[in-house]
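This report concerns only the one structure given below.
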Amino acid sequence: MPFFPIARSTLRLLVTTLVTSVLAGSAPVVLAQPVSAADAIVLDAREALRKRDRDRLAADRAAAVVGRHPLASWVDYWELSNRLSEAQQPELEAFYARWPNTYVEDRLRNDWLLELGHRRDWANFTREFPRFRMNDDREVTCYALLTEHLAGRDVTQQAKAAWRAQRDVDEGCNLLATTMVEAGRFTVDDVWRTARLAMELNRLRVVRFAAGLVSPQAAAAVGELIDEPARYLTRKASVMGRTQSELTALAVMRMAWNDPGAAAGQLEQRWQHALSAELAGNTWAVVAKQAAFKLMPEAVPYYQAAWKAGHKRGATSIDWTDDALAWGVRSALRSARGSDRWLQVRQMIGAMSPAERKDPAWVYWEARAIAALALPGAEGDAARAQSRQLLESIASPLSFYGLLAAEDIGLPLALPDKPTALMPEEEARAQQHPGLQRALLLINIGLRNEGVREWNFWLRGMSDRELLAAAQVACDREVWDRCINTSDRTREEVDIEQRFPTPFRNDLLAKAREMGIDPAYVYGLIRQESRFVTDARSSVGASGLMQVMPTTARWTAKKLGMPFSPEMITDRDTNLRIGTGYLKLVLDDFGGSQALAAAAYNAGPTRPRRWREGPVLEPAIWAENVPFNETRDYVKKVLANAALYAAVLTGQPPSLKARLGPPIGPRDATIPEPVPDLP
């Protein structure tokens, strides 16, 4: 490790000042253990980075390096990254030499590649990029593809994919797109297709930029139709030429975000026969997707209109996004009846990309559709065998659809056998791994975000045995999120005790019994909410093991008749009592439905009250139709987690269907709401 001379008296004074500053609360971190004088230097450096305090960062860097602190590389990284816009290549090379083969080396290389792209320093970029091991930055990818293009290589298809993957505009991907258009590698068709995709995904800045590649007038028109689509359609829309047709389609798509019915009316009354087959089909598909997202029964005929429009005038295939097709499946499951339901399910899944069709959700529903459409008797035996084969291919105790598939075909499921015990040398390698130790130290001093990034970096390329050993290190240190997430990465060797640990078992079981709720359900929810991190805090302010919002905690404490003040929310016992108490009230409000209660816990009770309106559905169909991606995933994972935890706690085979409960539909209006003021 490099050494920077510093007087001992100066170092003592610096450390004393930093400890006083950190302990006084200047650094916004949550400390897992009392901070040492040496660790205080690291915390102060992180605070100095936040404040862009160059002098303080330089002093902290010198102190961390001279003290040979295990996290000196991080302080060095913060100091250089804070002035990266002024740095030169030799400084970066010196940093790489100081900290070779570390996370911060690769992280700084990521930052430097972005800076080189911004400077248009393609010579140094081309030398740096092959050394970028994580290679997980979309904008860097766009810059790299640009350098490939400038070197004379054909990267047209990769460039299209990278540009369309933008969640928002960025300099690198915009420069790539502009260059490819000017070189004639991206056609007008490519640009308009990107604009339509961005409009479907509500990436409005990308829509504007793409239109600007066609003409300044097109960009100005996009600004108008985004702000007031109805006005644009009434006053300016036309199909006189390619640009006007595309703008009209974009205006209808934009209208669909707020009013799918009005957008469908525009298509039916004015535009569906005037637009090209591809454009009409894509526009209808976006309208149908928005209707499905809003749980409108009209989504089913809208999808059929999209399918018909997309195949008219000789067209033989459609070019919809997998997400639009997924909502076509969901709308059919929710709103279609009889054979029409299953015909549309097969239709939509059949049009998905090969990779998307392998998703267990679509394998499961395709199997259900094949079985439902099978002819009676011997004529349908082949179809029923195909359905069973699909279900067998995904049957597993470790996932929502894996559990459903197994139970549908009566396949007995047991928890995976525990892997062979780790050898002492396997344990020792994990315990002595410098990167994992740095990660745990970062987490221990309250820099969880940095610690998680460092930890995950070192998991890349690990074998199952190495992952199990690393997970055990985290389990032994009670860093439960790293324990679970690391063990979840194994492919063949599955350690259920690592993946589904039971921390705070006695306290949790007692609180669950006190509130009268299933402890496996509580465990399943906490695993999804906080991964058992007691001081976890979400971006919206939810805190503690059970991620309770402050207002909800106050309301629940009052209901339970217990004292409460805001600082108590991360106390483990208080959080458990309030969280289980609130969960019990939510379950009561939703008639004991674990699916509805999980949705309410994640998204608030108002939304699932609205989502349950409409047809009576089997719970799996209801869960698949939850509009929010996060909440849909959450509901399925909480229920699957609960099934696994029940098996862990009782030793019985896991079962999901019992947890899904009876069909879900509108609340019985004759029964009073149990908790009308539920927040």
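What follows is calculated from the coordinates using simple rules that are stated; it is not laboratory data. On a predicted model such as this, the values are computed, not experimentally measured, just so you know. Glycine also receives a Cβ, built like all others from the backbone with ideal geometry; neighbour counts cover every protein chain displayed.
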Self-check item: Amide N of segment 359-376 lying under 15 Å from the label point, which is placed 7 angstrom from the Cα of Glu618 along Cα→Cβ
Solution: 361-374
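Can you tell me the dipole magnitude for the chain around its Cα centre, using point charges on the Cβ only (Lys, Arg +1; Asp, Glu -1), in Debye to the nearest 20?
Details: 85 positive and 83 negative charges, 223 e Å.
Result for the chain is approximately 1080 debye, rounded to the nearest 20.
Sorting check: for 317-330, 179-192, which peptide has the highest mean count of neighbouring beta carbons within 10 Å, and how do the rest follow? Walk me through the numbers before you get to the answer.
Working: 317-330: 20.9, 179-192: 16.2.
Peptide ranking by packing, descending: 317-330, 179-192.
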Exercise. Give the residue from Ala351, Gly265, Pro627 lying farthest towards the positive end of the charge dipole for the chain; charges sit on Cβ (+1 for Lys and Arg, -1 for Asp and Glu) and the dipole is referred to the Cα centre.
Key: Gly265
Quiz item: Which value, in debye to the nearest 20, describes the size of the charge dipole of segment 79-201 about its Cα centre when Lys and Arg Cβ atoms bear +1, Asp and Glu Cβ atoms bear -1, and nothing else is charged?
Solution: 300 debye
Quiz item: Of the listed peptides 209-219, 496-506, what is their order by residue-averaged count of other C-beta atoms within 10 Å, with the highest listed first?
Solution: 209-219, 496-506
Exercise. Averaged over every viewing direction, what's the projected area of the C-alpha convex hull for segment 331-423? Give it in nm², one decimal, please.
Key: 8.0 nm²
Exercise. Could you sort out which of Lys160/Lys289; Lys160/Lys236; Lys511/Lys559 sit more than 27 Å apart by Cα distance in this structure?
Key: Lys160/Lys236
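In segment 27-114, which trypsin sites (Lys or Arg not before Pro) are in a loop and have at most 15 other Cβ atoms within 10 Å, using DSSP for the loop call? Numbers along the way, then the final one.
Values: sites: Arg46, Arg50, Lys51, Arg52, Arg54, Arg56, Arg61, Arg68, Arg83, Arg98, Arg107, Arg109; in loops: Lys51, Arg52, Arg68, Arg83.
For trypsin sites (Lys or Arg not before Pro) across segment 27-114 that sit outside H, G, I, E and B with at most 15 neighbouring Cβ atoms in 10 Å, the list reads Lys51, Arg52, Arg68, Arg83.
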Quiz prompt | Set Lys418/Lys636; Lys294/Lys637; Lys308/Lys358; Lys636/Lys657 screened for pairs whose C-alpha atoms are more than 21 Å apart | solution = Lys418/Lys636; Lys294/Lys637; Lys308/Lys358
Quiz item: Looking at (1) 0.99; (2) 1.24; (3) 1.20, which value of Rg/Rh (Cα atoms, Kirkwood Rh) comes from a calculation on the structure shown?
Solution: (1)
Self-check item: Dipole of the chain, positive direction: furthest Cα of Ala97, Phe209, Asn602, with charges on the beta-carbon
Solution: Phe209
Quiz prompt | Distance in nm between pseudo-label sites at Phe628 and Asn506 (7 Å out along the Cβ direction from Cα) | solution = 3.7 nm
Exercise. Using the Kirkwood radius over Cα pairs, work out the Stokes-Einstein diffusion coefficient for segment 260-323 at 37 °C and 0.692 mPa s, in µm²/s as a whole number.
Key: 288 µm²/s
Exercise. Which order do the peptides 127-137, 222-232 take when ranked by the mean count of other beta-carbon atoms within 10 Å per residue, highest first?
Key: 222-232, 127-137
Practice problem: Just report the Cα centroid separation between segment 210-286 and segment 474-510, whole Å. | Solution: 51 Å
